[in-house]
Amino acid sequence: MADYVQKSGQKLSTEPYKGVRDFYPEDQAFLNYFIDTCRGVVEKVGYEEYHASILEPVELYKGKGAENEEIIREQVYTFTDRGEREVALRPEMTPTVARMVAARRRELAFPLRWYSIPNVFRYERPQRGRLREHWQLNVDLFGSRSLYADAEIIGVAYGLMAAFGATESDFVIKLNSRAALDELCASLKLDDTKKKVLMGLLDKMGKVPTDEFAANLRGLGLTPAQVLPARPPKEIAQLIEEFKNAGISNIVYAPEVVRGFNYYTGVVFEVFDTHKDNSRALFGGGRYDNLTALFDEDPIPGVGFGLGDVGIHNFLESRGLLPSYTPPAKVYIAIPEPRLAPHAQTLAGLLREGGVNAAIDFGERKLGDQIKNASKHKIPYLIVVGEKELAEGRFVVRDLGSGEEQALDKGQLAEFFLNI
RNA sequence: GCGGCUAUGGUGUAACGGUUAACACUGGAGCUUGUGGAGCUCUCAAUCAGGGUUCGAUUCCCUGUAGCCGCCCCA
């Protein structure tokens with residue numbers, strides 16, 4: 001026996017490893033729905049799918065700035081392999097795609113539209129909506145500095161929300177410009193430390209009372225009027241105008257959107273849930289013009305975003321937009337006696353050849369239990385194959401939802417299922 | 001990483017420091033040898049782990065572990 005059979009008699013826990021999820025069929029069905037929906041939206045705009053290993057050298061996540069050292073130490077899964085190499089489970093896809101693009105920059109044609117839907121890992125304390133593993137759509141447009149590239153990416157984000165069934169009242173896309181923020185800081189003569197503090201305060205602005213925000217600003221010797229421009233930066237105003245002209249009105253300027261302390265250099269955006277109990281960012285992204293600088297002298301500009309499955313699931317659930325589960329099998333074939341199994345096989349084979357997914361019972365339990373079983377699996381239709389049906393060559397198809405029945409000849413069966 | 005709350009069958013809950021740890025759902029068997037969803041009967045199944053206080057701990061205390069909530073962070 002293998003070593004993992006417990007000799008002490010103590011049973012192993014059925015819990016998955018801390019913070020990661022088991023995908024039971026209904027969970028996997030949602031993940032597939034998520035993936036298919038994302039794929040449909042981005043491919044319509046011409047994005048091509050790439051993929052990479054879950055493992056990367058740790059170095060890939062170092063050197064993106066001093067503030068990341070702590071993140072590496074505390075939030076990246078790392079281990080040492082048998083060749084003494086430091087290995088990481090990818091915590092995000094962006095460095096990987098930057099590496100791949102930089103590796104082939106001479107042969108790739110820009111603008112380059114790429115997407116991927118990987119699972120990523122972060123060693124964090126698990127909470128609702130924040131686990132150690134999640135699946136994330138990554139959409140990136142490389143090699144263009146055009147404002148229309150930013151518009152395309154934001155449009156894809158909008159298109160995704162629409163594809164998931166959200167309407168304009170369900171969410172708002174908030175835009176800001178890191179470039180404009182940099183200019184503002186320069187004109188106020190803020191050093192990098194103060195700039196970071198200011199960004200932190202802006203980020204929290206939505207969560208604290210106005211006067212507290214003002215008090216915090218005074219700590220930096222600033223006033224709200226100085227840091228909150230009355231008018232959106234020029235490129236933001238233009239983007240909003242473009243979308244207005246296209247009939248999209250839930251895209252707004254939001255000076256509090258800064259997207260962390262990272263590598264963004266231009267337009268940044270966040271898609272916000274407007275639900276009053278869940279007023280937070282669902283996902284976001286922006287323009288980063290220096291990302292491939294890690295690998296090459298010549299930076300390739302890019303704009304993109306990441307969209308996680310957990311945040312979308314919570315959003316859809318709260319809005320009643322989750323699709324209902326349907327199993328692969330359209331029809332379940334039950335038999336009164338185990339010895340009729342070959343006939344069930346034959347009929348199932350006929351249906352499958354006709355393009356209908358069919359599952360059979362082996363007749364080991366009572367007919368009533370077999371039907372219950374089909375219901376429990378949410379299989380929509382049932383056929384009982386018994387002596388009588390075999391003799392007559394006609395089969396009764398029952399709709400397990402409504403209970404309606406219909407007697408059909410063998411030859412009509414596949415056609416019946418394909419028409420529903 | 002920090003703080004708070006919680007931990008009882010597969011699930012959701014109950015039990016003053018004191019009987020055989022109760023109830024519902026689910027699972028299994030049956031009432032019903034060829035037709036589900038209801039009803040009834042029977043049945044499987046639990047005090048997170050380790051220590052302490054006590055005559056006696058599911059109950060009180062400590063530690064660990066896990067979950068939830070908030071903070072930090074969210075590249």
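Structure data summary
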{"item": "Conditions (1) closer than 30 Å to A:F23 by Cβ; (2) within 15 Å of RNA strand B (Cβ to nearest atom): number failed by A:L351", "result": "(2)"}
{"item": "Meets criteria (more than 8 Å from RNA strand B (Cβ to nearest atom), of a type in the set (A, V, I, L, M) and not in a strand (DSSP E or B)) for A:L413", "result": "yes"}
{"item": "Residue within region A:179-198 that is assigned to a loop (DSSP other than H, G, I, E, B), charged (D, E, K, R) and either buried (at least 20 other Cβ atoms within 10 Å of the Cβ) or in contact (Cβ under 8 Å) with a residue 60 or more places away in the chain (or both) present", "result": "no"}
{"item": "Tally, over region A:374-403, of residues that are outside any strand (DSSP E or B) and under 20 Å from A:L351 (Cα atoms)", "result": "16"}
{"item": "Strands (runs of 3 or more DSSP E) enclosed by region A:234-351 - at least 2 residues per element that are among the charged types (D, E, K, R)", "result": "A:267-273"}
{"item": "Within region A:213-227, considering residues that are loosely packed, with under 13 Cβ neighbours inside 10 Å and within 16 Å of RNA strand B (Cβ to nearest atom), the one modelled with the lowest pLDDT", "result": "A:G219"}
{"item": "Region A:126-153 residues that are among the acidic types (D, E), paired with ones that are assigned to a strand (DSSP E or B) and surrounded by fewer than 19 Cβ atoms within 10 Å (Cβ to Cβ) (beta carbon under 7 Å, 6 or more apart)", "result": "A:E133/A:N119"}
{"item": "Every residue from region A:240-266 that is more than 28 Å from A:V197 (Cβ to Cβ) and either modelled with pLDDT under 85 or surrounded by 13 or more Cβ atoms within 10 Å (Cβ to Cβ) (or both)", "result": "A:I240, A:E242, A:F243, A:I248, A:N250, A:I251"}
{"item": "Residue match in region A:274-283 (condition: within 12 Å of RNA strand B (Cβ to nearest atom), assigned by TED's automatic domain parsing to the domain that holds A:L137 and among the acidic types (D, E))", "result": "yes"}
{"item": "Checklist (1) closer than 19 Å to A:P25 by Cβ; (2) more than 8 Å from RNA strand B (Cβ to nearest atom) applied to A:P338, failing item", "result": "(1)"}
{"item": "Test result for A:F395, in contact (Cβ under 8 Å) with a residue 24 or more places away in the chain, among the aromatic types (F, W, Y) and within 12 Å of RNA strand B (Cβ to nearest atom)", "result": "yes"}
{"item": "Residue within region A:233-246 that is aliphatic (A, V, I, L, M), under 29 Å from the mean Cα position of the chain (by Cα) and over 26 Å from A:S169 (Cα atoms) present", "result": "no"}
{"item": "Out of A:F213, A:F243, A:F171, sole residue that is closer than 23 Å to A:G306 by Cβ, in contact with a helix residue (DSSP H, G or I) (Cβ under 7 Å, 6 or more places away or on another chain) and among the hydrophobic types (A, V, I, L, M, F, W, C)", "result": "A:F171"}
{"item": "Unique match (being at pLDDT 85 or above and not in a helix (DSSP H, G or I)) among A:G46, A:G9", "result": "A:G46"}
{"item": "Matching residues in region A:199-215 - criterion: being assigned to a helix (DSSP H, G or I) and within 23 Å of A:P232 (Cβ to Cβ)", "result": "A:M199, A:G200, A:L201, A:L202, A:D203, A:K204, A:M205, A:G206, A:K207, A:T210, A:F213, A:A214"}
{"item": "Region A:161-193, subset of a type in the set (K, R) and within 15 Å of RNA strand B (Cβ to nearest atom), residue nearest to A:A151 (Cα to Cα)", "result": "A:K174"}
{"item": "Single unsatisfied condition, A:P233 versus (1) surrounded by 16 or more Cβ atoms within 10 Å (Cβ to Cβ); (2) out of contact with any Ser or Thr (no Cβ under 7 Å at 6 or more places or on another chain); (3) closer than 22 Å to A:F272 by Cα; (4) not hydroxyl-bearing (S, T, Y)", "result": "(2)"}
{"item": "Set A:A66, A:A2, A:A29: member being modelled with pLDDT of 75 or more, more than 10 Å from RNA strand B (Cβ to nearest atom) and among the aliphatic types (A, V, I, L, M)", "result": "A:A29"}
{"item": "Flag for A:R365 being out of contact with any helix residue (DSSP H, G or I) (no Cβ under 7 Å at 6 or more places or on another chain), in a loop (DSSP other than H, G, I, E, B) and more than 17 Å from A:G401 (Cα to Cα)", "result": "yes"}
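Results for (1) of a type outside the set (S, T, Y); (2) more than 36 Å from the chain's Cα centre (by Cα); (3) loosely packed, with under 14 Cβ neighbours inside 10 Å, shown as yes or no for each residue.
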{"residue": "A:K388", "(1), (2), (3)": "yes, yes, yes"}
{"residue": "A:R398", "(1), (2), (3)": "yes, yes, no"}
{"residue": "A:G401", "(1), (2), (3)": "yes, no, yes"}
{"residue": "A:L413", "(1), (2), (3)": "yes, yes, no"}
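The values are calculated or read from the model by the stated rules, or taken from the named source; none is laboratory data. Please read these numbers as outputs of a predicted model, since none were measured by experiment. Every residue, glycine among them, receives a Cβ derived from its backbone with ideal geometry; neighbour counts consider all protein chains shown.
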